[in-house]
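The values are calculated or read from the model by the stated rules, or taken from the named source; none is laboratory data. Because the structure is a prediction, the values reported are computed rather than measured. Cβ placement follows ideal geometry from the backbone for every residue including glycine, while neighbour counts extend to all protein chains displayed. Note: areas computed on protein heavy atoms with side chains; ligands, DNA, RNA excluded. Shrake-Rupley method; radii C 1.70, N 1.55, O 1.52, S 1.80 Å.
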Amino acid sequence: MELIEHLSFKPTLVEADSNGKKVVEGVFQRADVKNANGRIYKKSLWEKTLSNPEVLKALDERRTLCALDHPASGKTSLADVAAVTTKLWMNENNEICGRAEILGTPKGQILESLLSAG
């Protein structure tokens, strides 16, 4: 058996309310560093993206969906959605941080179980 870690996202549960809503925060990506796909996204691109009014609107309208696994096609299938990203920012270490709400979807339940297991 081969175990490969595909995600560098190390989320931390920051909120859980009485309605069962769970929110996580963590590093989603890093600027100027090769990612798991072998790509490097420059800091200037992230600065442009994170200040783009359309991106900010999509975050505000809860249209930025998170898949449990990176889709091979590059397109997120609704069947694979585990969370919705509600906030993105770049910190002083050029890490792109995010805040996401875990959804009650089957993949969201898997994500929640993985978080509970540490």
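Within the range 24-71, the GluC sites (Glu not before Pro) that combine a DSSP coil assignment with at most 11 other C-beta atoms in a 10 angstrom radius are E61. In loop segments of the range 26-118 as defined by DSSP, the trypsin sites (Lys or Arg not before Pro) with at most 15 further C-beta atoms inside 10 Å of their C-beta are R39, K42, R62, R63, K75. Given in Å, the Rg to one decimal and the Dmax to the nearest whole number for the Cα atoms of the range 72-118 are 12.8, 35. The residues of the range 11-118 expose on average 65 square angstrom of accessible surface per residue, using a 1.4 Å probe on protein heavy atoms. As a fraction of the 1.4 Å probe accessible area of the range 38-118, surface on carbon and sulfur atoms comes out at 53 percent. Using a probe of 1.4 Å on the protein chains alone, the accessible area found for W46 is around 50 Å². Couplings for the range 54-65, taken from phi via the Karplus curve 6.51 cos²θ - 1.76 cosθ + 1.60 with θ = phi - 60°, read 5, 5, 4, 5, 4, 5, 4, 8, 6, 9, 9, 8 Hz in order; Gly and Pro are left as x. Rounded to the nearest 10 square angstrom, T76 shows an accessible area of 70 square angstrom against a 1.4 Å probe.
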